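What follows is a single structure, and I will ask about it in a moment.
The values are calculated or read from the model by the stated rules, or taken from the named source; none is laboratory data. Just so you know, these numbers come straight off a predicted model, no measurement behind them. All Cβ positions, glycine included, derive from the backbone under ideal geometry; neighbour counts span all protein chains shown. Just so you know, the surface numbers come from the protein's heavy atoms only, side chains and all, with ligands and any DNA or RNA stripped out. Shrake-Rupley method; radii C 1.70, N 1.55, O 1.52, S 1.80 Å.
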Amino acid sequence: MVAQELPEWQNRAHFFAVAAQLMRQILVDHARTRRASKRGGDVPRVSLDEALGQALAPDVDMVALDDALKELAQMDPQQCRVVELKFFAGLSNDDAAEVLKVSPSTVKRDWASARAWLFRELDRSSAP
Amino acid sequence: MNTGRWQAVREVLDRAIDLSVDERSGFVAEACAGDRELQVEVESLLCCYEQAGEEFLNTPVIDVRSLVPSAYENSYIGCRIGVYQIVEEIGRGGMGEVYRASRVDGQFDKQVAVKLVRVGLETPRLLERFYMERQILASLDHPDIARLYDGGTTEAGVPYLVMELIEGTPLDQYCDEHDLQLRARLQLFTQICAAVQYAHQRLVIHRDIKPSNILVTKDGAPKLLDFGIAKILDTSGSKLDTTLYRAMTLEYASPEQIRGAPITTATDIYSLGVVLYRLLTAKSPYSEGTLAPHELARSICDIEPRRPSSAVPGRRGMRDGVDVARASLGAEKRKKQLKGDLDNIVLKALNKEPERRYASAEQMSADIRRHLEGLPVAATPDSVTYRTRKFVRRHKVGVLATAFVLLAVAGGVAATVREARIASANARRAERRFADVRKLADSFLFEFDDAIEFLPGSTPARALVVKRAMEYLGGLAAEAAGDRALQMEIAAAYKKVGKVQGDPIYPNLGDSGGALDSFCKALAILEPIARADPGNEEARLALASTHQQISDVLSFSGDTAGALEHSRIALAMYETSPTNLTGDTQFQKARTTQTYHYANLLQSSGALNEAAVEYRKAAELSRQIVAASPSDPDGKIHLAASVDGLGYVLQQTGDTAEALDNLRTGLNIREGLVKVDPNNSHYRRQLAFSHQNVGLSLLATNDTAAALAHFRQELALFGSLNAADPKDAQGRRNLSLAHKMIGDVFMRERQFPRALAEYEASLRIDRDLAAIDPNNFQASLDLSFSEGKVGMALGKLGKAAQAVNVLRSGIARQESLLGHDAQHFFVYAHLATSYSSLASLLIERGEKYAAIEYYRKAVASRQSLSKEVSSAANQIALAESYTNLAKALGPANRDEAFEESSISLEILERLPPADRNNARFRVALANARFECSVRR
């Protein structure tokens, strides 16, 4: 007997994958706009900052992280997705493994070296 | 760093990270084998790894797992739905789950598939459509179409469909597993066409034809599943209708489905074309590999499909598993077989323009048969490609635009934003981003919440979804200045959150403070809009309904004055609305509802005569609605509610006969509604209340047996509703009330052990509910009632010590509620009853002085109540309490006893003749006279 399928979000994994990318896009885009408006002397949009910038994002430079992630995606696309899933969507190794269809230990390894590399990149970008 | 270099670094780095810090440097030196550069790189990264520590990136920005509807984890296995017992799950997806089930009544041996649907069908209109479509689908009777047997809503309001259970394999998998040759595949396909044709002749469109919806049984017969299901589940109406749903079945979707254009039988022809394409080539018409949804959507609208013959992989392209080519004599042979007729047949079905496709499934099937027989086919190359190109060129802009709208919610936001960034200046980009966030928040808030609202046990998940979306909307509110549409949207969102938090009318989280807060935020947005633009009916009505929601919450929190005030404001908005003049039915319904709400509040505040006036108005308005549209259940629902309310008020004012009359009218209407729609849990709940009302009314006429029968029906109805959704606080309260009613009857019948059992059942429920929401006025009051009742039953059973304890607990609870809201007069009545009950118990225990004190308190409470509500019933009750006090004072305090009984007599004798013609008055009078005479 085969499953009689239902449409829409195919499963949790699919939902996670989409949500992680959306979150990254929204946060980074927001951070870029904020940066631009600070430079351009635009009217500060305080409440949106609160809702999106401060409330959701911990102490990380989103723009620098996004730039670094783009480079990481060139080096290893899967590692980039691991970061998206874990950082931007809060997934556990097991959930991320389900999304990427790899083993949890692969996720763990990808995550460890990605963090090391990203830390260095972000450190560099924040240096004067 | 390039990929190769990074992989080399990781070779060493990954393993080094797993080692202890001490072991690392030795390992790295050895592993890098003299590659100095590599060693420096790895050591640098190891150092960074240490510095990054536990914290870096380990606090996610959001935990999306909290947004996943808990329904993914829910299971109905073992539950009963309708007459079916759920056996096991056989499939699931975003729209719900499919279960194997068998009939519990053993009428048929056959097993069925039960599909539970995760879409909100909350309005009567959508439900009605659901039932209507279900009728049409149930009439499809074809050997190759899975039958739809039944459908309805579960007790908790979740729609479900009962379908023929098909044991089979998806079409594409079947063809591969059985190594079907081209001819066999085509023959199987023509059989599918015949089934589709049958349905099309009955004007049913499948809308979601794909291999997984076509199972092939062991006998090799195709069975089409879910015929037309997509339509009856498409409840979103004109809303960005969608998107989520369509995007996910994208591969077989037609251009018109993606653009949101009208769906016709040609839509199914297109999907049949994709299915045939896949059967012949094992490929999608648009790409070698898998495309991202937004790319696929664009291709479907925009790109001409490859000819099937050119999609068959060459020898080098042949791979394992699914490739059809492997099953045939080889790819080259297959290419030759497809070239010409079959290319043309498939491409004709895949034409972008619906009118250029085959006019029917039968025509497509006939062309395939002609091809099999070696006859010329109707499809020609000209009819395909030339027109397609032209069409796309003509519609290019629109096609792209609609595809983007579609994708914005469905996962393509990223793509949209990217395009926008490349294409436009800063200002436009900001605008786009803003729109994206808004859309995301909207879809989280409304689509997810709507999808799970009616699932049993989904309330915590709803709260999380709503909370998260509010974080976005809270940010947007400040930016919305001047943007009316957005302001209205945000107000609607606040109202929705408030509803989930604590609107007592709906299943809720019991957070009345949070609800009030959200509703006030909505008011703050709506009021300036309505003020600035008095002609804006939408804003005005949204404002009115917000006032009523506030009123509901206040009323449940015990602030009767505030509740009345807000309800009055809401009603005034309706009564002065220009829409009154147009006779718009929807508006009339809303106005009736509002009138009813107001009457209801007046009633509970003790203004019985004013309440009766408003109820009569509501009943009159409802009768007009029923007269205008007799088949619309809404009018009847309103009418039943109004006559029930009127009956209840009349009961209180002592007009027993007219009360019973009205309540029976209500019961009859509700029985009719349930008969028409037996699975509707709302109707059944209302019917249960009707039984309660009629039972109470009968009790007032001393027809105990008839009353008990009604209460039993009430309890049974509430019991089954509660079993379906055990977490619903309102449902549990109803069950508790039903137990109280039955307990009351047993008390009257002096069947005390049975009464106690009912009261204790009620007490258990009330305790739980009060613990869940300690600030809930009603929950505390309910608990005090059950304590009082248990106490009285215990007293009758001679367990005086226990009884006194429980009664004292109930009294303390009611006294604290009195401080909470002095306007809530009815607490005085309850308190007086509790004081008297306790006093009479104390007398039995010989604690005369304590008893006298409580009788005095009872008198004081009755006085307070009479000052506010001087109904005859209250006057009689006041007199009774004076008599009781006199009786307790007895011979030892003869003077005072005489004084109190004289007051009692005086109160009774002051009553007008109309209020004297009842048993209670006569008994009270006799008692007062007796006390008076013996103490003189």
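Name the long-range amide H neighbours of residue B:577: under 5 Å, sequence gap of 5 or more, or other chain; modelled H, no Pro or chain starts.
none
Now for a separate question. List the pairs from A:86/B:210; B:115/B:210; B:283/B:348; B:115/B:223; B:589/B:617 whose alpha-carbon separation is above 22 Å, in the order I gave them. Write out the running numbers ahead of the final one.
Working: A:86/B:210 34 Å; B:115/B:210 18 Å; B:283/B:348 17 Å; B:115/B:223 17 Å; B:589/B:617 13 Å.
Too far apart for the 22 Å limit: A:86/B:210.
At 0.36 nm per residue, minus the direct Cα-Cα distance, what do residue B:916 and residue B:575 gain on full extension? Give it in nm, one decimal, please. Could the numbers behind the result be given before it?
On the way: separation 341, 0.36 × 341 = 122.76 nm, distance 3.90 nm.
Taking residue B:916 through residue B:575 to full extension adds about 118.9 nm, to one decimal.
What share of Cα pairs, in percent, lie more than 19 angstrom apart in the range B:529-613?
Every Cα pair in the range B:529-613 considered, those over 19 Å come to 37 percent.
What average number of partner chain Cβ atoms lie no more than 10 Å from the Cβ of the residues making up A:76-83?
1
Between residue B:136 and residue B:702, what FRET efficiency comes out of the Förster formula 1/(1 + (r/R0)^6) with R0 = 35 Å and r the beta carbon distance, rounded to 0.05?
Step by step, r from the Cβ atoms, then E = 0.10.
Residue B:870 versus residue B:533, label points 7 Å from Cα toward the beta carbon: distance in nm?
It works out to 5.1 nm between the two label points.
I've got another one for you. State the Cα centre-to-centre distance between the range B:1-62 and the range B:857-894 in whole Å.
After rounding, the separation between the Cα centres reads 87 Å.
How much FRET efficiency would the formula 1/(1 + (r/R0)^6) give for residue B:36 and residue A:74, where r is the Cβ-Cβ distance and R0 is 25 Å, rounded to 0.05?
With R0 = 25 Å, the Cβ-Cβ based efficiency is 0.50.
Would you please give the residues with an amide H less than 5 Å from that of residue B:103, counting only those at least 5 places away or on a separate chain, with H modeled from the backbone geometry?
Under 5 Å from the amide H of residue B:103 lie the amide H atoms of B:85, each far enough along the sequence or on another chain.
Still on this model: Give me the number: length gained by fully extending residue B:760 to residue B:524, i.e. 0.36 nm times residue separation minus the C-alpha to C-alpha distance, one decimal in nm.
Gain on stretching residue B:760 to residue B:524: 80.4 nm.
About its Cα centre, what dipole magnitude does the range B:714-804 give when the only charges are +1 on Lys and Arg Cβ and -1 on Asp and Glu Cβ, stated in debye to the nearest 20?
Result for the range B:714-804 is approximately 360 debye, rounded to the nearest 20.
Right, something else. State whether the range B:752-883 is rounded, prolate or oblate according to the following rule on the C-alpha gyration tensor (a ≥ b ≥ c being the square roots of its eigenvalues): a/c under 1.5 gives rounded; otherwise a/b larger than b/c gives prolate, and the remaining case gives oblate.
Note, shape of the range B:752-883 comes out oblate.
Can you work out the FRET efficiency for the pair residue B:89 and residue B:203, with r the C-beta to C-beta distance and R0 = 35 Å, to the nearest 0.05?
In this case the efficiency is close to 0.60.
Would you mind giving the total buried accessible surface between chains B and A, with a 1.4 Å probe and ligands, DNA and RNA left out, rounded to the nearest 100 Å²?
Answer for the B-A pair: about 6500 Å² buried.
Ranking request for peptides A:79-90, B:884-895, B:764-775: highest mean number of other beta-carbon atoms within 10 Å first, then the rest in descending order.
Ranking, from highest mean packing down: A:79-90, B:884-895, B:764-775.
What does the charge count around residue B:568 come to, taking other residues whose C-beta lies under 12 Å from its C-beta (Lys +1, Arg +1, Asp -1, Glu -1)? Write out the running numbers ahead of the final one.
Working: positive: none; negative: B:565, B:575, B:610, B:614.
Around residue B:568, the charge tally is -4.
What is the mean number of Cβ atoms from other protein chains located within 10 Å of the Cβ atom of each residue in peptide B:43-56, rounded to a whole number? Don't skip to the end; give the middle numbers.
Numbers: counts 0, 3, 6, 2, 3, 9, 7, 2, 4, 9, 2, 0, 2, 10.
Mean partner shielding for this stretch: 4.
Same structure again: What number comes out for the charge environment of residue B:687, summing +1 per Lys or Arg and -1 per Asp or Glu over other residues with Cβ under 15 Å away?
Working: positive: B:636, B:664, B:670, B:675, B:684, B:685, B:712; negative: B:155, B:644, B:671, B:677, B:714.
Here the charged neighbours net out to +2.
Just checking the output field for B:208-218: average partner chain Cβ neighbours within 10 Å of each residue's Cβ?
Averaged over the peptide's residues, the number is 2.
For residue B:647, what is the net charge nearby, where nearby means another residue's Cβ is under 15 Å from its Cβ and Lys, Arg count +1, Asp, Glu -1?
Working: positive: B:616, B:664, B:670; negative: B:614, B:644, B:655, B:658, B:661.
Combined, the nearby Lys, Arg, Asp and Glu give -2.
Ok, one more. Could you derive backbone 3J(HN,Hα) for the range A:86-100 from the dihedral phi with the Karplus parameters 6.51, -1.76 and 1.60 (θ = phi - 60°), listing whole Hz in sequence and x where the residue is Gly or Pro?
7, 8, 8, 10, x, 7, 6, 4, 5, 5, 4, 4, 5, 5, 8
A follow-up question, please. Using the alpha-carbon centroid of each, what span in Å lies between the range B:167-196 and the range A:80-117?
When both Cα centres are located, 40 Å separates them.
Cα to Cα, under 30 Å, and not fewer than 8 places away if on the same chain: which lysines meet these conditions relative to residue B:799?
Hits, sequence-local ones excluded: B:740, B:789, B:848, B:857, B:887.
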